[in-house]
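Notes follow once the structure below has been shown.
The values are calculated or read from the model by the stated rules, or taken from the named source; none is laboratory data. Since the model is a prediction, treat every value here as computed from it, not as a measurement. Here the Cβ is made from the backbone with ideal geometry for all residues, glycine too, and neighbour counts use every protein chain on show. Ligands, DNA and RNA are stripped out before the accessible areas are found, and what is left, the full protein with its side chains, is counted by its heavy atoms. Shrake-Rupley method; radii C 1.70, N 1.55, O 1.52, S 1.80 Å.
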Amino acid sequence: MIEIRDFSKRYGRVEAVSPINLKVVPGEVFGLLGPNGAGKTTTIRAMVGLTRPSTGTVRVGGFDVWREPVKAKAAFGYIPDRPYLYAKLTGRELLRFIAGLHKLEHPNTEIERWLEFFGLEDFGNELIETYSHGMKQKLTIIAAMLPEPPVLIVDEPMVGLDPRAAKQARELLAGYAAKGKTVLLTTHSLPVAEAVAHRIAVLDRGHILAEGTLEELQQQSGTERSGVEGNTLERIFFKLVEEEELERENAREKAAA
Amino acid sequence: MSPVKTANPTGNAKVSGSLLNLKFRAFYNALARGPKIGYLIILSVVLLVVYAELEGTHRAMTFLCNFGKIFNESCSLVGRSVAQRALETGLIVLASGVTFSAITTAITTLYSSDDLNFLLAQPIATSRVFALKLGETYLSAAGVPSLLTVPPLLAIGLFFHAPFWFYSLAVLSALLAYALPVGLGAGVAIVLMRFAPAGRVREVATGLGVVLSASLVYLIRAAKPEELIKRLANLDNDNAITQFLTQFGTPSNPLLPSSWASRVIWDGARGSFSLSIYPLVILSALLLVVAGWLASKAYQEGWVRGLESSRVRLDPTPRVASGTENFFGKFGASGHLIVKDARLLFRDATQWSQLLILVALGGVYVVSVRAFPIQGELMKNAVGFMTLAFQGFVISGVGIRMAFPTVSFEGPGFWILRTGPISSRSIVLAKYWGALPATLLLALVLGYFSASSLNLSAVLQLSSVMVAISSALAITALGVGVGAALPRFKADNPAEVAVSAGGLLYMVLSLFYSGFLVLIVSRPAYLSVTQPSLYPGLSYFGSFEGFLVLGLLLLFTVVGTIAPLWYGWVKLDQFE
């Protein structure tokens, strides 16, 4: 379970994220969508302990990420958008290191299963510096899922993955939630969010514009009433973001007048 | 290429295509947006160092010139000879440091900079990109030595009332003395990147750097400062002394650019123009031409080769944990972190090369102490007491490369630890235990061998070992703690991590710590030298005063070790 209460983040005078509330329950894949600079990565970084909230709390797996960091961090796996790994370790060494941090007993069988799943078994003894971007991304996914944490937090999961691996990753995320685990992902790819997310929040300039299932978003955004055909996430997303921009423009004009 | 002109929505101002402008703009932006208090601290420390150098050089020159002064001489022959030899040795020491890091820095800057992808894809001549990167290599490898050299040169000029042209000539000579190893490093880097075995370039480069700088360190030993004392003690007539001193003052390594530079500086300060500037300038120009020619032939090809040079030998055997890994794994997450760090240390040339520095430093120290000609019990123990202080300085110098950068070595991969179930406390402690064996071993070697080879009194021998252990424990903790509080995850190598506000803070604190240790043991050392019969053997430490000294030393060591580690993990916890 992920619980965000009145979370906001300021960098000096700039408010990157205004107070937001979110709850993601076990068995659910939750998608966080938004244009560039919307505050998705800031929110994710607060969830995984890379950014301290300016206000509010972030709890993962029942633990406050900043008050009980070790317990909270044992409860989630994190897949960042840029897979910076220790270049001079081999793939297997990195995974054994992760297993050690999570105190996993006898991890070798699981490590081999995962390497085989992503077709990396032949590369497991090679230094990570020789891996392609996609291979590093696969290794990062394995590192996050190896300890089977109750919560998975994923930032742009498909970056650098080939179509086959992207399909595998989509299925993995959906299957992980089906096992009763919690999955939160941010993505620019609307088809990905539409395909795997049970619920979605649209974030723009630090505000949540809408939140709910695809049907609920459709109702909230009024795409049907306004005569927009179809109910794809893409249409809903653009409508919400454009409405927000229009409102902001109106407010600016009013203030100028 | 001529500057690019584009339409400007805000006016008709020209847009510059100068790469130098681009770098200055980026530097200005970083300065304008950085922490002002931090800059103020750095500026204060820099001013303090500059003042200390100016004042220190002036005092040293005054002392040396008055030593053995006859009649109305402006500076005694002994003073001139020793000062000239000291200047040459200082330049060689700094040049050897530059040489050591020049090749690896050149490879990092010329071939691994983040902006190369962008720059080499633009319609810019490769030679311009190369020139920019060569400039950056100079700043990285020789920037600090250059800045350290300028104040003493000014002080020497002022001391001798040097002519106005001296100052520019002296600075130029020093810059060229450092530019030569940088140019050599760049040339070697180009050749290595083009022809060295793929994937082994950094290892070969580090090996060459070690050989070159070790040769320079050997040349420092060739200066043999102890000869002066030996010969002065044995010479019996004035002519022989004069002859020896004149010879001692001439460069010990006449074919070395650092010696040419020191000759130009020394002669210039006293009003005469030295011809040694010509070989220095000619060699620099020649090296620049050769490096430019090499760059036009092989720079871009080498860069492309570097991108493609990863050779993979597939081995599908599922390798499992080694015995060492299993053993350290018993200590939990910290144990796994120690194993990981050890693997990275021995696989990364920029890291394991630091161990070689450590061995070289230990070797030169012990050999130098042994070579020191000392006669008389009092003199021997006085020199032995001074080596106690030097031990701390050496450990501080090693700690800046071995302990201080350990947290920063995590680099952009720090997110793995930050988001993993391991506390900042465990991270800092694991780094400490990982760095301690090397510094402790070095400290014990220095402490034991220097004391035993000088055949010091029992009290001083024990003090030497205790100071060594205390220095290793606390200075390593200081390095790891300050390094954790002020990490630099974006640095490419240990040298770059060290050149920071945190590095300066660590150096100042560790030198203070060494000074306090010496103060604590100064009383027993003094008594053991002046009144050896009062406390024979180690009986001093059985007295009440001895207990107090031991207690103070223990307290200092415990607080000096725990406090910086605690500070480090608290600040690392707050790090964003």
ask   = Across segment A:132-150, what is the number of residues that are crowded, with 22+ Cβ neighbours inside 10 Å and outside any helix (DSSP H, G or I)?
value = 1
remark   = Heads up, the helices (runs of 4 or more DSSP H) in segment B:409-528 (entirely inside) with at least 2 residues that are charged (D, E, K, R) are B:424-453
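More than 12 Å from every other protein chain (Cβ to nearest Cβ) and not hydrophobic (A, V, I, L, M, F, W, C) - does that describe any residue in segment A:122-135? Write out each step before concluding.
Within segment A:122-135, the subset more than 12 Å from every other protein chain (Cβ to nearest Cβ) is A:133-134.
Adding the requirement that they be not hydrophobic (A, V, I, L, M, F, W, C) leaves A:133-134.
Checked against the condition, which is being more than 12 Å from every other protein chain (Cβ to nearest Cβ) and not hydrophobic (A, V, I, L, M, F, W, C), segment A:122-135 yields at least one hit.
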message = Could you check segment A:112-126 and list, in sequence order, the residues that are crowded, with 18+ Cβ neighbours inside 10 Å and assigned to a helix (DSSP H, G or I)?
response = A:114, A:115, A:121, A:123
message = For segment A:190-207, check the following and say yes or no: at least one residue is touching a His at 6+ places or on another chain (Cβ under 7 Å) and open to solvent by less than 60 Å² (accessible area, probe 1.4 Å).
response = no
ask   = Do you know which residues across segment A:26-61 are open to solvent by 30 Å² or more (accessible area, probe 1.4 Å), under 12 Å from residue A:8 (Cα atoms) and more than 14 Å from chain B (Cβ to nearest Cβ)?
value = A:55, A:56, A:57
request  = Quick one: in segment A:72-111, of everything that is at the interface with chain B (Cβ under 7 Å from one of its Cβ atoms) and small (Gly, Ala, Ser), which residue is least open to solvent (accessible area, probe 1.4 Å)?
outcome  = A:100
inquiry  = Considering only segment A:155-167, I want to know if a residue exists there that is within 14 Å of another protein chain (Cβ to nearest Cβ), open to solvent by 10 Å² or more (accessible area, probe 1.4 Å) and either modelled with pLDDT of 90 or more or assigned to a helix (DSSP H, G or I) (or both).
reply    = no
inquiry  = Quick test for you: out of B:482, B:521, pick the one residue that is in contact with a Ser or Thr (Cβ under 7 Å, 6 or more places away or on another chain), open to solvent by less than 20 Å² (accessible area, probe 1.4 Å) and either at pLDDT 85 or above or not assigned by TED's automatic domain parsing to the domain that holds residue B:46 (or both).
reply    = B:521
ask   = Which condition number does residue B:344 fail, the rest of (1) within 9 Å of chain A (Cβ to nearest Cβ); (2) at pLDDT 90 or above being met?
value = (2)
query = Any chance segment A:62-71 includes a residue that's more than 11 Å from chain B (Cβ to nearest Cβ), within 23 Å of residue B:333 (Cβ to Cβ), over 13 Å from the mean Cα position of the chain (by Cα) and of a type in the set (Gly, Ala, Ser)?
reply = yes
task = Sort out which residues of segment B:2-58 are of a type in the set (Val, Ile, Thr), surrounded by 12 or more Cβ atoms within 10 Å (Cβ to Cβ) and either at pLDDT 80 or above or outside any loop (DSSP other than H, G, I, E, B) (or both), and write them in order of number.
result = B:41, B:42, B:45, B:46, B:49, B:50, B:57
task = Evaluate the following for residue B:491: is it of a type in the set (A, V, I, L, M) and in contact with a Lys or Arg (Cβ under 7 Å, 6 or more places away or on another chain)?
result = no
